[in-house]
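Engineer: Have a look at the structure that comes next, please.
The values are calculated or read from the model by the stated rules, or taken from the named source; none is laboratory data. Treat the numbers as computed from the prediction; the structure is a model and nothing was measured. No Cβ is skipped: glycine too gets one built from the backbone with ideal geometry, and neighbour counts run over all protein chains shown. Accessible surface areas use protein heavy atoms only, side chains included; no ligands, DNA or RNA. Shrake-Rupley method; radii C 1.70, N 1.55, O 1.52, S 1.80 Å.
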Amino acid sequence: MGIKIAIIGSGPAAFYTAQSLLKEDIEYEIDIIEKLFSPYGLVRYGVSPDHQSTKNVSRVFERTLSNTNVEFFGGIEINNSPSIKDILALYDAVVIATGMAKDRDLNINNTNISGYFGATQFVNWYNGHPEYKNLSPDLSGDTAIIIGNGNVAIDCARLLVSSNQELEGTDITNYAKVALLNSGIKKVYIIGRRGPLDAKFTTVEIREMSELLDCDQVLSKGTLQSMSKAILEDEIAKQYRILASFPEAKQRNSNKTKTVEFKFYLSPINILGTDRITDVEFRDNLNKNNKTITIKANLIISAIGYEGEEIEGVPTDSTGKIINNENIVKDRLYTVGWVSRGPTGVIGTNKQGGAKVAKLITNNIKPRNSPGRNGLKLLLSKLNKRYISKEQWFLINEEEINRASNSSPRLKFTSFTDVFNFLDNI
């Protein structure tokens, strides 16, 4: 049946590619291969649990997955066994859409000390990623530092100071919800190495910070002065105008129990502590005399960007981005999404990339009488690798929804063991 296509990865870029292929005049048999038991990638594990409207895009992807020409192979990591070479031998074309799932290195000392986490680790922990469910961050201290000025930094800060009421109606994992609500953290610093007008958060994200029930948002002393010219000349985007509405720290007068403070022009240079973080030293980027400041904290989350994980047999640059020429890696091998362009854009940005790759495949494809899906099933059987089919995923999805309590949309499975136990006992 049709032209055989394998898509490695199951996030937005993968599904937008599959969606576009299904619209072409050629009949395609599409297999989506994912290392986890669940599809949808960042929609499931990256989007903040209190952003359910953003997660609703998974319903669109579910329709694509339901297409009779599409199959899902969950729990299969393509690297050594099976390899890219193995998959290319089975399909007419292969698309790599694995994203960038590693935290970019902060490049200072002591990042292996207790209390330091990359944002990917922390976000995947509260979102129930099976590889991070046992992360167990120690939240007993009263102060946290988040390094970075993008939406992910804002998400982490917001979750750290959210109330029970604000976590209702989310799909946050029970273990993370309990830990966050019993946290000792009262103060969170969001720190950027450049100025407030260089921050990368969106209007929606910064507005949400201003609406928190039990948390004040303040700016460090001098922030408003650095924004004053842009404010007076009305050359300021909406998100920065919202930021400028926050008072400076010393002006705070509130009965709320928690505070998020935005600090700018600081670069981390030293993490202090022996067994656990006690302080972080920063360089003042506005001071010509290399002045430093130290902030006491027991938790650091670095949200400064992402890198890709190397796939054997696929050329990558130093950041893990696949080396490609307009999404073409080599004959019959394509790439799309973050791993093709770097970690930029929002979920919808991948739609254009998926359409482009689908058109490239359609214009260049040459039928090879490839075994495709049947060949992959045979190979996995020989390798004794169990996979999650799309029918099994639909059962898992239904069970997650059914076992949710109160207003939560679902109670996620967080381990392969639990998933297989469920499937084996249906």
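Engineer: Regarding LEU65, is this residue closer than 20 Å to TYR28 by Cα, assigned to a helix (DSSP H, G or I), out of contact with any Pro (no Cβ under 9 Å at 6 or more places or on another chain) and open to solvent by less than 20 Å² (accessible area, probe 1.4 Å)?
Structural biologist: Answer is no for this residue.
Engineer: So which residues in segment 124-147 are open to solvent by 20 Å² or more (accessible area, probe 1.4 Å) and among the aliphatic types (A, V, I, L, M)?
Structural biologist: If the condition is that a residue be open to solvent by 20 Å² or more (accessible area, probe 1.4 Å) and among the aliphatic types (A, V, I, L, M), then LEU135 is the only one that fits.
Engineer: Let me ask another. If you take the residues of segment 332-349 that are at pLDDT 95 or above and at negative phi, which of them is nearest to the chain's Cα centre (by Cα)?
Structural biologist: The residue in question is TRP338.
Engineer: Could I ask something else about it? Where residues in segment 195-221 are closer than 23 Å to LEU266 by Cα and in a loop (DSSP other than H, G, I, E, B), which of them is most open to solvent (accessible area, probe 1.4 Å)?
Structural biologist: Per the stated criteria, the residue is LYS221.
Engineer: Only one of these is open to solvent by less than 80 Å² (accessible area, probe 1.4 Å) and over 25 Å from the mean Cα position of the chain (by Cα): LEU378, LEU360, LEU411. Name it.
Structural biologist: None of the others qualify; the one that does is LEU360.
Engineer: Right, another one. For segment 75-89, how many residues are under 25 Å from the mean Cα position of the chain (by Cα), in a helix (DSSP H, G or I) and more than 17 Å from ILE32 (Cβ to Cβ)?
Structural biologist: 0
Engineer: Which number in (1) open to solvent by less than 20 Å² (accessible area, probe 1.4 Å); (2) assigned to a loop (DSSP other than H, G, I, E, B); (3) touching a residue at least 40 places away in the same chain (Cβ under 8 Å) marks the one condition that TYR40 misses?
Structural biologist: All conditions are met except number (3).
Engineer: Right, something else. With the condition kept exactly as written, say whether any residue in segment 321-330 is farther than 29 Å from LYS366 by Cβ and buried (at least 20 other Cβ atoms within 10 Å of the Cβ).
Structural biologist: The answer is no; no qualifying residue exists.
Engineer: Among (1) open to solvent by 30 Å² or more (accessible area, probe 1.4 Å); (2) in contact with a strand residue (DSSP E or B) (Cβ under 7 Å, 6 or more places away or on another chain); (3) assigned to a loop (DSSP other than H, G, I, E, B), there is one condition VAL346 misses while meeting the rest; what is its number?
Structural biologist: It fails just one condition, (2).
Engineer: Please go through segment 309-318 and give me each residue that is without any contact (Cβ under 8 Å) to a residue 40 or more places away in the chain and either more than 21 Å from ASP86 (Cβ to Cβ) or surrounded by 13 or more Cβ atoms within 10 Å (Cβ to Cβ) (or both), ordered by number.
Structural biologist: Those that are without any contact (Cβ under 8 Å) to a residue 40 or more places away in the chain and either more than 21 Å from ASP86 (Cβ to Cβ) or surrounded by 13 or more Cβ atoms within 10 Å (Cβ to Cβ) (or both): GLU310, THR316, ASP317, SER318.
Engineer: Kindly evaluate SER83 against the criterion of being crowded, with 23+ Cβ neighbours inside 10 Å, in contact (Cβ under 8 Å) with a residue 12 or more places away in the chain, out of contact with any Pro (no Cβ under 6 Å at 6 or more places or on another chain) and of a type in the set (Gly, Ala, Ser).
Structural biologist: Here the answer is no, as SER83 does not meet what is asked.
Engineer: Given the condition closer than 21 Å to VAL43 by Cβ, of a type in the set (Lys, Arg) and open to solvent by 50 Å² or more (accessible area, probe 1.4 Å), answer yes or no: does some residue in segment 349-357 qualify?
Structural biologist: yes
Engineer: Go through segment 1-27 and give me each residue that's assigned to a strand (DSSP E or B) and buried (at least 24 other Cβ atoms within 10 Å of the Cβ).
Structural biologist: Those that are assigned to a strand (DSSP E or B) and buried (at least 24 other Cβ atoms within 10 Å of the Cβ): LYS4, ILE5, ALA6, ILE7, ILE8.
Engineer: For ILE108, are the conditions met, namely being assigned to a loop (DSSP other than H, G, I, E, B), touching a residue at least 12 places away in the same chain (Cβ under 8 Å) and β-branched (Val, Ile, Thr)?
Structural biologist: For ILE108, the condition - assigned to a loop (DSSP other than H, G, I, E, B), touching a residue at least 12 places away in the same chain (Cβ under 8 Å) and β-branched (Val, Ile, Thr) - is met.
Engineer: Looking at ILE401, ILE396, ILE388 in this structure, which one is without any contact (Cβ under 8 Å) to a residue 12 or more places away in the chain, aliphatic (A, V, I, L, M) and either touching a Lys or Arg at 6+ places or on another chain (Cβ under 6 Å) or surrounded by 14 or more Cβ atoms within 10 Å (Cβ to Cβ) (or both)?
Structural biologist: Answer to the check: ILE401.
Engineer: Going by the conditions given, is LEU167 farther than 20 Å from THR120 by Cβ and open to solvent by less than 10 Å² (accessible area, probe 1.4 Å)?
Structural biologist: When the stated conditions are applied, LEU167 passes them.
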